[in-house]
Structures are given as C-alpha cells and as structure tokens.
Amino acid sequence: MFKVAPLTKIVFTMVVSLWAVALFSPLALSVVVGVQLLLMVLGRVEAKTYKATAYLALFAVFLFLLQYVFVPDTRLALVTGLKMMAMAMVFILVLATTRVQDLTAALVGQCRIPYEYAFMFTTALRFVPDFLSESRTIQEAQACRGYSTKGNIVKRMINFLAIVKPLVLRAISRSETMALSMELRGFGSQKRNIGSQVALGWHDYTALSGMVTVTLGIFLY
Amino acid sequence: MEQKQDVVYYQAKGGKYRWVAVTALLLAIGAILKMVTPGVAGVTPNWTIAMYCIAINLIRPSLSQAVGIGLVAGAVNIPFSKSAFPYGNLVSELAGALICTLIVSAAIDIKIGKLNIRPAISGFLSTVCSGLVFTGILKIVLSLPLQAYLYGMLPVVFITGAINCLITQLLYFPAQRLFDANGGH
Amino acid sequence: MSEIVISGLSYTYPKAAKPSLQNVSLKIDSGAFAALAGLNGSGKTSLCLAIAGAVPHYYGGAMAGQVYTGEVKTTESGICEIANIVGLVLEDYESQLVTLTVEEEVAFGLENRGVEQSEINRRVKEALQMVGLSGKEKQQTAALSGGQKQRLAIASVLATKPQILVLDEPTSALDPEGASELYELLHRLNQDHKLTILVVEHDLSLALPFASQFILLADGSVEKAGSPAEVLQYMGSKQHYACSLPPLWQLKLGLEPEFSSFGDWKTDDEAANELIHCLEKLEAGKSA
Amino acid sequence: MLEFNNVSFSYHKNCPVVSDLSLTVNPGEYIAVVGRNGSGKTTLTRLIMSLVKPVKGTILFDGETTKKYAPADMARHIGYVFQNPSRQMFHDTAIEEVAFGPLQIGISKDDAIKQAKEALAKVGLNGYETAYPSGLSKGQKQRLAVASALSMAPRLLILDEPTSGQDQQDKALFLTLLDHLHQKGLAIILITHDMNILAEKVARTIVMCDGTKVYDGSTANLFQFHDVEKWGLKKPTAVTISHKLSPYGVSFSPTVDGLIAEFKANERGAVGV
C-alpha cells in the first residue's frame, strides 16, 4: 500500500476499528468500507484478496440477517453488518499489501514487542503449509487403514483424533529439533540485530495526521 | 588404549526456547485444523484454543509469557481464517491463555480418583472464558440484540467449551509423554 | 587447524539406562571427508551432537572424556560459539527451517549474532550460491522441494562460516538422484571451500567415491576407523556386516580369494577396468 | 485380481499425471514399481487404493470396478504402507496401533486384538504388544506399519519406499519378511528407488516414466536389454560391470553374487579349454 511504513499500517488497523466502533451512520460506515475497497484497487492486490473480501461480505449479510431476525430494524442491522465489514476488511487490506515479516519487524523494533513472540508468530505461519500437506497425508494413510468417517457426531469427533493426534505428536517431536537448532543459531542472544526497520517518512506523517484528523472529526461531531 | 576419564554430570542447559517452538508448532496445527475439520452440524472444536491449552499445560508458562502466547494465538488466525473481528480475537485469546495458565499453575490437585483432569478443566474454562469475552465484545461493538447473544451465541460458547474440554484431555497425555521423552533417542 | 579430536568420550543421556557412547577416541583431520556408519542405535547421532556441543550442553547427562573442535574444547564453550566452528544439519532438517522465506532463513543465525546488515546480505548471497539456491531468495521456505529444503538448511549453517560441517543421515529422505547430487555438493564444499565434512550414512556406496575416512560405530564404541579400504576390508571379514558392504566391495571381496587382489575400488568404472584387465591376463595365460 | 484398463488421471485438465495405463496384477505376484520422482508411481498406487479416481478408463478389483469404493473399503482387501509410517501412529501401545484398522471396520474388540496379535507375530514383533510405538527403532516402526496393514487380512500389500532411512541390517531383515509373506501367498507391490533390491528380490518390474508404463516384464531382462538410465533409474553396480565384461565372455548377471559366479564360470571355462 504505497510507500507507507508497516507501523503506519498497524496504526491504520486500529484507527479503522475505532472508527467502526464509533460510527453509527450507515452512510459513514459505507464510506469507510468504500475507501478500503478503493485502496485495494489502488494497491493492485491479488484476486484472492477480493475473494476473501467477498467471503467476508457474505458473513456480513449473515450478521445482518441475524440482527434483523431478532430486531427487525433495517438501519440497525445494516450498521451491524457494515461495522463488521469495516473492521475485518482492514486486516485483509493490510495483509495483502504488506509482508507479514515487515509487520512483525515493526512490532518488535518500534512497538517493543519481545522478539520471541514475533518469532513464534512467523514460525507458526511458516509451518502452516507443511502441516496442511502433512494432515492430508495422514488422512490418506488412515483411510488406507480403514479410518471411517461414519457414525454419530461424538463418534466422528473421537475418530477424527486419528488425524489430529499424529499431527500433535509430530509437532511435539519436531519442537525438540527446532529448539536445538534455535540455540545452535544463537536465538535469544542480546546481540540480535533487528533486521530492516522502516523509519517513518513524510508519507507516514501525512497519513497519520490524516487519521488523527478524521478520528477527531468523528468524535467531535 | 583404555583411558580413564572422570565422569562429569552436566545440567541440561538446553531447551530454553522449547516453549517457543512447541507453542509455534501447535498454533500452526490449530490454524490448519480449522481448515480441514469436517463441520458436523455447525459444531466444531475451537482448535486454536485447544492447541494453546495443550501447549500451556506442557510448558507451564509464566503469566507474562501467557500474555504473549494469547496475543500470538489471536494473531495467527488473522491471515488464515477470515476472522470477523480480529482485535476481538486478540483480546479473547489473551483472556483464554491467562485463565489456562492460572489453572495450570494452581497449586491444588485437580483429579477424579487417580485421573488428572487438569487439562480438561483448563480446556473447558479457557474456551468458555475466551468465548464469553469474544461474544461480549462482539455484542457491544456491533450492538447486537440481547436475545441474539443469549440464544444464538452463548449455547455455542458452552458447547464448544465442552468439546474442547474433551479434546484437551485426550490429546494432552500422549503429547506429554513424547514431550518428556527428550534425549532418549 | 579445525580438526576434530575426540578422546575417551563416554556419554549417557539423563534418563537413559545405558550409555550412548562408550570410550570413543577418534581424530578427523582438517579437510577430511569422513563417513560415519553403524547400525541404528549405535550412537551415530549422539556423536554428531557431541561434536556440535549439543551433548552435553543441550541435553545434560553424564559425560567423560573430551571433544575438541579446532582449538575449542566443547565442554568449555557455549553451544552458539561452537556453532561458529561446527555447522550441524540434523536428520529432520525441515524442522530446522523456521522462517518464512529463503533469505531470512540464511540470515537468521547472523541476525541473532548481531552481524551487520551489509555483511548479512553478502553472506546470504554467498551461502545460497554455495548450495546452488541463488535466485530463490524471496521464495517461501514451505514451497521448496525436500532436497532444496535440505540445501537451504546447509546454506543457513554455512552462513556463519563454520570450518566443519556435520550432517546426520542426510540422504534418508532423498531419492537416489537427490542423494548423489547431495554428495556432489558435499564433495565441492570439501574440495573448493576446504570444509571438513562428517556425514552419517547407512549406504556406504554413496560416500565411497568421495570419502577419505570411514568410521564404524557399534554399541556406542568405535569398532573400526581408518581409510575407506581398511574399514571395508574389516567389514568384509565380519559376517554380520555382509549386507552393509557396498555391492562394489561385495564383488571385490567375493572375487579376491580366487583371483589376484584388486585395488581399492571407489567407482564402478575403476572396478570394470581392472576386471577387464584381469580377464585379458587370463585370456593371455590361456593362449600361452 | 487387479486390472487397470486404459486408466488416465490428472489433477488439472491437460496436465495428465497418469495416462493410458493398463496392467494386471495376479494373485500372489511380487511386483516392483520404479521410476524417478514425479513419474506417476505413487499416483498409480493411489489409484489402486481409490484415494483418487480415474478420469478415464476403469480399475477392476476381482472383476468389479472400484469406482464406488472408498479407500476404507479397499483397505479390507489391500494393505497400503505409506512412506515414513511413523506419521500414522498415534496410540500408546503397538497392539492398539495394529488393532485400529479392524476396529474401524466394525470387528469386535476381542477379535480385533486377536487379529492384531497374529499380525504382530507375522512381522516378528511378538512380545512387543505393549511397546510404545514412538520408542521403537525405524525398522521396527516399519514392521509395525506392515502389521497394521496385515491385521486387515489383505490379499495385496503395497509398500511405498519401505526401506528408506533404515540401516542395511534392518533393510535385509525387512526384505526377508517380505519374502516370507510372499511365499505364504500374499501379493506384493513394492515402490522402490533401490535398484539392488530390485535386482535381487523381485521377478517382475514395472517402470513408470512421465505418467505412463514404459516397461513391464522380467527384472533380469530389464537390466540386460534396456538402458534404464533414460528412465531416470540408476544401474545397479553389478549391471554396469556386467555390461562392460560381456564382450570378454562373462555372461550377464544383474546381481553381485550372480556376477561372481559368472566370472568364476568364465575363468573355469577358460582354463578348461
């Protein structure tokens, strides 16, 4: 998303969430959603981002209906749906235009989040595709041993442990190798050099003051 | 050739970061299970909570570590599941991880007969607590009607809590056995 | 220089009933290419861990004797400092890879050590080039193939410029093509970059063309160590190692009682030429 | 017993993984399937297990199409041992691990345990009933996985790279086990990269290359008359040397022991003349 530092984007997610909470006018909320959509287009995000957004919109409709069933007030229901849309969309927008690593680097370097947790976060993301394919293989291996997906809910749930347990056990045994490797590679030393840190530039200050102005506007209004 | 050498006993200094590794890997599993679990009548476990409960039962973190684990657990799902309310997740998982850590570090025995049911209790209470916080925030922020909250959300929170209770109990002991078997190869 | 000297090393894991290593004494010269063989459970992994200092520092337990890597006595140094001399690639190398992208993986150990950014960039480039992964800097780690992941694990330990590279069963998850490519890579690192290499290998025929030293472990002790020929000759004399012998040497030792003694074969071609020579001699003898 | 008729399969259109494959497996046969990675070997076995369904063509088991069967149905007749079997294990004891399959298909607990015990005995793990699967050696884990498959009393056993990562002694032990099972009438399909195993143990070999079958016949002929390197296979040592020695009158043999015998026979012949 243009030349804005990751930190500014993190602030942006908070500010948008704040706006969404504070605003009660369908029009104003639509503007927040609309602006985000515009930013997506300008940021030339990939097709899957729009797909995620569409999925979100579907969920917003569901929320709208839920609200409407209990309190048949179109305006209120619309506000609920739009609020959720605005708050959730901003994350899709930011993640589609920024590398996760840059966001965590900003959190560690500029927000003083301890490095262990940033590491825990990116490492979890790193292993998601690995475990996803592992889970498919396990599912197939168990199917070839007669694993059945029939029976009542409780039985199916217990049966599903045939997939979950091997995954968990694999994670436990991998954690030992990983912890050893982390120590061999100097994890946790105080000398750590905090990768590339993006300092705030004039773009950021412009964007941040814009956000402050809008926020003040909303609250004063 | 036979050399007599004095045997020295070393304290294991390793594994300082095993808690980081285990938590990261289990959270990754939590994230993928969300994708691959067949939905049964809309009722699914909350795998993320189940996984950090197992991690917390294994590693017994301090409260400040629990804060970090909770926040990371809330964050891991953001890029994968289309969370409807990401900041709400951060707060609710934080609450869940803290509750779990409190139960895990409680000095009292939690047992039925000989069976240690601490994992089950921690799994249940963390899930319910996290669920209540999440739906509570959701209710306020989205100004949902009370009925929707009482009849639409609360039952789901408690049913999920019950499922997670079972899962945590069933998965913890095999996990713990392997976790403690380090260096035995 | 950075040789490995092990003297009288015995080691027992904290909860283990019996020792994993018993009175191991060994010397691996600087610049050697050593292959470590032995049945499962003979202590190969423990020996690798001891050379990298993970035994005893990481695992604890009871240890006697000493391991020197270069001038460093492992018991008197930290795990991370030893890692500057010894690069360890574990059997489950995929779990060693912890970051999202290739370049971050290689940079990880350097960042932790507080190396300057410009130096990091230079070394990442260099290490990736050494293992043939140039151009993949921005790729996701998870998207690499098994063999590529392994080379990435090697690159990430090479980045800290160790003089010794230890690999625990690197070929167990590779297909034959991948295995020979790996050995060619190790050979190159050994020849061009003067790295001392120790590799745990079940299939000695893979290591045979390249290795300068074989070490055979049994029940935690060194059963035989020396030049590949010496160790293979020894294995040939023991019935229970019959199936562990590379086919090339099964052939050699099977023919030798009746024919002349052959050279220390390392490749199929070498063997074929000598056998042809032998046949020609027999032919000549027949016509004479 | 098993028949492929012009089977094709692809994950994406126009990108066939297996194309126009026909083959027959007879009861009690011992077959090796070889080929480089990505040649379609694993897809072939996945098709057999109904893990994937053919896009074109039919697969018949005992004369019946397998189209309507799920993998769990096939598991009653065919045992499939995955590469790296430790990933499928999750019980606290070996006996529970082996009894998993029978219990899943609704066999009573007592019978399942009985079957599991028998299966453990068949693979030489009797006495290991209460062992902790994660604590077993690689070779034992592999045999435990075979026991898990055998507990379902299959007629065909498929093994994907069963010897990778094992030491040579465990490998030899494992191959002897397969020989025994084969002699008792079990049909075996072995996916392997190990050409020495092929040359020494298996009579019939199927070579896969680019999703099709390029060779199906006797293993000895494969090595004697075909340049297997063009299919991405590595020649066993004995084959390479045997080819080089044949102009000098040494008869072809794909195995080391055979080559030694031929070499000696040649010399005796030479002396005898």
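The values are calculated or read from the model by the stated rules, or taken from the named source; none is laboratory data. All of these numbers come straight from a predicted model, not from anything done at the bench. Using ideal geometry, Cβ is built from the backbone for each residue, glycine included, and neighbour counts are taken over all protein chains shown. These area figures cover heavy atoms from the full protein model, side chains too; ligands, DNA and RNA do not enter into them. Shrake-Rupley method; radii C 1.70, N 1.55, O 1.52, S 1.80 Å.
Quick look at the numbers
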item	result
Pair list, Cβ < 9 Å and 6+ apart or interchain, from region B:9-34 residues that are at the interface with another protein chain (Cβ under 7 Å from one of its Cβ atoms) and at pLDDT below 95 to residues that are surrounded by 24 or more Cβ atoms within 10 Å (Cβ to Cβ) and in a strand (DSSP E or B)	B:Tyr9/C:Met63; B:Tyr10/C:Met63
Positions within region C:210-244 being of a type in the set (Lys, Arg) and not in a strand (DSSP E or B), in sequence order	C:Lys238
Scope region A:94-141; condition closer than 30 Å to D:Ala116 by Cβ and either in contact (Cβ under 8 Å) with a residue 24 or more places away in the chain or basic (Lys, Arg) (or both); matching residues	A:Phe131, A:Glu134, A:Ser135, A:Arg136, A:Ile138, A:Gln139
Selection count where residues are within 13 Å of chain B (Cβ to nearest Cβ) and either buried (at least 24 other Cβ atoms within 10 Å of the Cβ) or of a type in the set (A, V, I, L, M, F, W, C) (or both), scope region C:59-81	8
Lone qualifier among D:Arg36, D:Arg87, D:Arg46 - being at pLDDT below 95, more than 14 Å from chain A (Cβ to nearest Cβ) and within 28 Å of C:Ala179 (Cβ to Cβ)	D:Arg36
Verdict on A:Ala54 being exposed (fewer than 13 other Cβ atoms within 10 Å of the Cβ) and either touching a residue at least 24 places away in the same chain (Cβ under 8 Å) or among the aliphatic types (A, V, I, L, M) (or both)	yes
Answer residue from region C:139-173, given it is more than 11 Å from C:Val89 (Cβ to Cβ) and small (Gly, Ala, Ser) and is least open to solvent (accessible area, probe 1.4 Å) among those	C:Ala159
Single match in D:Ser164, D:Ser108 (criterion: open to solvent by 10 Å² or more (accessible area, probe 1.4 Å) and within 12 Å of chain C (Cβ to nearest Cβ))	D:Ser164
Residues located in region B:150-174, provided they are open to solvent by 40 Å² or more (accessible area, probe 1.4 Å) and in contact with a Lys or Arg (Cβ under 9 Å, 6 or more places away or on another chain)	B:Leu170
Residue match in region A:156-174 (condition: farther than 23 Å from C:Ala143 by Cβ and open to solvent by 60 Å² or more (accessible area, probe 1.4 Å))	yes
Of all residues in region D:167-191 being in contact with a Ser or Thr (Cβ under 8 Å, 6 or more places away or on another chain) and within 17 Å of D:Tyr128 (Cβ to Cβ), the one that is least open to solvent (accessible area, probe 1.4 Å)	D:Phe174
Residue match in region C:174-183 (condition: away from chain A (no Cβ under 13 Å), open to solvent by less than 10 Å² (accessible area, probe 1.4 Å), in a helix (DSSP H, G or I) and of a type in the set (S, T, N, Q))	no
Top-ranked residue of region A:67-78 - restricted to ones that are out of contact with any helix residue (DSSP H, G or I) (no Cβ under 6 Å at 6 or more places or on another chain) and at the interface with another protein chain (Cβ under 10 Å from one of its Cβ atoms), ranked as most open to solvent (accessible area, probe 1.4 Å)	A:Val69
Failed criterion for C:Leu275 (all others in (1) at pLDDT 90 or above; (2) touching a helix residue (DSSP H, G or I) at 6+ places or on another chain (Cβ under 7 Å); (3) outside any helix (DSSP H, G or I) hold)	(3)
Failed criterion for B:Thr135 (all others in (1) of a type in the set (S, T, N, Q); (2) open to solvent by less than 30 Å² (accessible area, probe 1.4 Å); (3) farther than 30 Å from A:Leu29 by Cα hold)	(3)
Looking only at region C:257-269, and only at residues there that are within 17 Å of D:Ala238 (Cα to Cα) and facing chain D (nearest Cβ under 10 Å), the one that is most open to solvent (accessible area, probe 1.4 Å)	C:Asp269
Close pairs (6 angstrom Cβ cut-off, 6 or more residues apart or separate chains): among the aromatic types (Phe, Trp, Tyr) in region B:124-139, in a helix (DSSP H, G or I) and at pLDDT below 95 anywhere	B:Phe134/B:Gly88
Cross-chain or 6+ apart pairs with Cβ under 8 Å, region C:21-36 first and under 16 Å from C:Ser221 (Cα atoms), then part of a loop (DSSP other than H, G, I, E, B) and aliphatic (A, V, I, L, M)	C:Ser25/B:Met1; C:Ala35/C:Ala211
Qualifying residue in region B:20-34 (condition: surrounded by fewer than 22 Cβ atoms within 10 Å (Cβ to Cβ) and polar (S, T, N, Q))	no
Count - residues of region C:147-172 that are of a type outside the set (D, E, K, R), out of contact with any Gly (no Cβ under 6 Å at 6 or more places or on another chain) and over 22 Å from C:Glu137 (Cα atoms)	6
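For every residue, the table says whether it meets (1) on the phi < 0 side of the Ramachandran plot; (2) touching an Asp or Glu at 6+ places or on another chain (Cβ under 8 Å); (3) in contact (Cβ under 8 Å) with a residue 24 or more places away in the chain.
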{"position": "D:Ala145", "(1), (2), (3)": "yes, no, yes"}
{"position": "D:Ala149", "(1), (2), (3)": "yes, no, yes"}
{"position": "D:Leu156", "(1), (2), (3)": "yes, no, yes"}
{"position": "D:Thr163", "(1), (2), (3)": "yes, yes, yes"}
{"position": "D:Lys184", "(1), (2), (3)": "yes, no, no"}
{"position": "D:Ile188", "(1), (2), (3)": "yes, yes, yes"}
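Yes or no, residue by residue, for (1) at pLDDT below 95; (2) closer than 26 Å to A:Ala88 by Cα; (3) within 14 Å of chain A (Cβ to nearest Cβ):
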residue	(1), (2), (3)
B:Asn77	yes, yes, yes
B:Lys82	yes, yes, yes
B:Gly96	no, yes, no
B:Leu102	no, no, no
B:Asn116	yes, no, no
B:Ile121	no, no, no
B:Phe124	no, no, no
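Condition check ((1) under 23 Å from B:Val76 (Cβ atoms); (2) buried (at least 20 other Cβ atoms within 10 Å of the Cβ); (3) within 7 Å of chain A (Cβ to nearest Cβ)) across all residues:
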site	(1), (2), (3)
C:Ser95	yes, yes, yes
C:Asn112	yes, yes, yes
C:Leu128	no, yes, no
C:Glu137	no, no, no
